Amino acid sequence: MKINRRDFLKTSVFTSLYLAGFGLPVNASSNTKKNLVVIMLRGGMDGLCALPIKGDKEFEKLRREINLDRVIKLTSDFDLHPALSCFDELWKEEKAAAVHATNIPYTARSHFEGQNLMESGGKIPYKVQTGWLGRGMKVAKLQGDGLALALPMPLLLRGVPKNDNFYPVKGSKPKKEIIDLVRSQYKEASENELLEILEIIQKRYSSSSGGYDPGHGRARDNNTLAYEAGEKLRKINGPRVAVFEVNGFDTHAAQGGTDGTHADCLEETDAIIRSLRNKMGESFNNTLVLTLTEFGRTIKQNSGLGTEHGYGTAVLMAGGLVKKAQIYTDWPGLKRKERFEGRDLNSTIDARSIYASAMSTVFDVDFKTIKDKVFWGEKLENLSDKLFKT
């Protein structure tokens with residue numbers, strides 16, 4: 001049987017989980033284990049759908065057929081999509097917040113380029129071969145020794161030795177085709193590194209408790225993977241980093257409003273947060289959950305009752321390390337002259353400032369060190385005191 005990457009991904013779980021960062025960093029200023037969870041929302045999450053602006057007549061007109069007919073009230077300026085019910089529960093506990101009108105500094109609206117940059121943290125597509133989270137873990141001296149329940153290891157986590165990945169099938173060893181596929185995904189690795197990766201895969205294949213049953217639905221996969229992550233993250237000697245992937249946010253047609261494709265994706269994201277909260281117990285109080293997406297969607301709906309690739313979006317945050325319930329934003333407005341290129345919500349906050357601040361908080365590393373060593377000294381704002389419990 002010949003297998004290629006496309007065929008392999010067809011048989012992989014819809015939502016993927018990656019665990020990494022075992023052991024406390026040697027330069028940590030606290031003995032408390034803190035966890036960072038990143039949920040990559042692939043396809044371009046519509047921040048204006050997740051957190052719609054209140055009372056903007058122009059916005060309501062431009063989306064008259066995909067507007068929400070039911071919302072959860074959050075603040076005097078923003079509502080919440082009803083699919084995000086766990087987010088609402090955490091909001092009431094001061095454990096959920098969001099940054100609105102934000103994005104990585106990328107405006108060309110290509111999924112391939114945008115997703116590469118959202119993971120690498122760079123400005124030029126495909127120039128950087130490591131991920132900002134992997135580099136941050138390396139700066140914090142977190143060991144790799146990661147456990148990834150999907151192929152291939154995402155760019156976001158690359159940059160730390162021994163972060164590894166495997167395709168989880170209960171009770172079976174990896175077939176030659178799978179090993180060959182892993183080899184093809186690690187072309188940059190030396191022969192010794194490759195042998196080490198394959199050895200880790202073979203050791204963990206038969207012992208994993210995170211096997212995927214193809215007969216289960218997408219929601220069941222989410223719960224299984226989130227519980228797997230929660231079980232490991234809450235252990236003092238367990239991983240400190242988890243990365244999920246949720247696909248399907250590229251809603252060019254039939255986006256829907258209260259219900260529909262985009263709502264389903266938001267519900268899936270919310271379910272991951274809920275499962276983590278339920279499984280982690282008190283450890284959730286020392287955890288920070290962040291979302292990551294390549295760009296937002298256009299303000300105006302298209303003829304297919306969907307939205308096109310945009311620019312500004314929102315970052316959702318949850319967990320006990322969130323400072324308070326708030327929508328943090330420098331709102332640019334939605335009038336034509338206030339939009340990016342006359343069509344998109346503008347981005348007024350570099351999302352990398354959020355991620356750098358999050359790593360500084362969770363990894364107990366000075367923000368300037370993160371900024372200089374992970375993001376090459378870019379002019380990022382330290383939002384740690386504004387967004388997180390430091």
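The values are calculated or read from the model by the stated rules, or taken from the named source; none is laboratory data. Bear in mind that the values here come from a model prediction, so they are computed numbers and not experimental data. A quick note on method: Cβ atoms are made from the backbone with ideal geometry, for glycine too, and the neighbour counts reach across all protein chains shown.
Considering only segment 63-114, state which residues are within 22 Å of ILE273 (Cα to Cα), part of a helix (DSSP H, G or I) and of a type outside the set (Phe, Trp, Tyr).
Of everything in segment 63-114, those that are within 22 Å of ILE273 (Cα to Cα), part of a helix (DSSP H, G or I) and of a type outside the set (Phe, Trp, Tyr) turn out to be SER85, CYS86, ASP88, GLU89, LEU90, LYS92.
Out of LEU74, LEU117, LEU157, I need the residue that is within 18 Å of the chain's Cα centre (by Cα), at pLDDT 95 or above and surrounded by 19 or more Cβ atoms within 10 Å (Cβ to Cβ). Which one?
LEU117
Within segment 227-235, can one find any residue that is at pLDDT below 90 and either of a type in the set (A, V, I, L, M, F, W, C) or in a strand (DSSP E or B) (or both)?
Yes, segment 227-235 has at least one match.
Could you look through segment 308-335, keep only residues that are aliphatic (A, V, I, L, M) and surrounded by fewer than 24 Cβ atoms within 10 Å (Cβ to Cβ), and pick out the one that is nearest to THR251 (Cα to Cα)?
LEU334
Which number in (1) in contact (Cβ under 8 Å) with a residue 60 or more places away in the chain; (2) within 13 Å of CYS49 (Cβ to Cβ); (3) part of a loop (DSSP other than H, G, I, E, B) marks the one condition that ASP259 misses?
Condition not satisfied by ASP259: (1).
So in segment 292-309, with the set limited to residues that are under 18 Å from the mean Cα position of the chain (by Cα), of a type outside the set (Val, Ile, Thr) and part of a loop (DSSP other than H, G, I, E, B), which one is nearest to LEU117 (Cα to Cα)?
Ranking the qualifying residues of segment 292-309, first place goes to GLU294.
Can you confirm whether GLU338 is touching a residue at least 12 places away in the same chain (Cβ under 8 Å), surrounded by fewer than 16 Cβ atoms within 10 Å (Cβ to Cβ) and not small (Gly, Ala, Ser)?
No; evaluated as a whole, the condition is false for this residue.
Only one of these is among the acidic types (Asp, Glu), within 27 Å of GLU113 (Cβ to Cβ) and either touching a helix residue (DSSP H, G or I) at 6+ places or on another chain (Cβ under 8 Å) or surrounded by fewer than 21 Cβ atoms within 10 Å (Cβ to Cβ) (or both): ASP250, ASP259. Name it.
Just one listed residue meets the conditions, ASP250.
Count, please, the residues in segment 235-259 that happen to be within 23 Å of VAL289 (Cβ to Cβ) and over 19 Å from the mean Cα position of the chain (by Cα).
Number satisfying all stated conditions: 4.
Take the residues in segment 47-71 that are among the acidic types (Asp, Glu) and either surrounded by 15 or more Cβ atoms within 10 Å (Cβ to Cβ) or in contact with a Lys or Arg (Cβ under 7 Å, 6 or more places away or on another chain) (or both), then tell me which one is farthest from PHE87 (Cα to Cα).
Taking segment 47-71 as the starting set, the residues that turn out to be among the acidic types (Asp, Glu) are 56, 58, 60, 65, 69.
Next, from what is left, pick out any that are either surrounded by 15 or more Cβ atoms within 10 Å (Cβ to Cβ) or in contact with a Lys or Arg (Cβ under 7 Å, 6 or more places away or on another chain) (or both): 56, 58.
Numbers: ASP56: 24, GLU58: 27 Å.
So the residue we want is GLU58.
Could you say which residue among GLY114, GLY47, GLY121 is in contact (Cβ under 8 Å) with a residue 60 or more places away in the chain and on the phi > 0 side of the Ramachandran plot?
Going through GLY114, GLY47, GLY121 in turn, just one is in contact (Cβ under 8 Å) with a residue 60 or more places away in the chain and on the phi > 0 side of the Ramachandran plot: GLY121.
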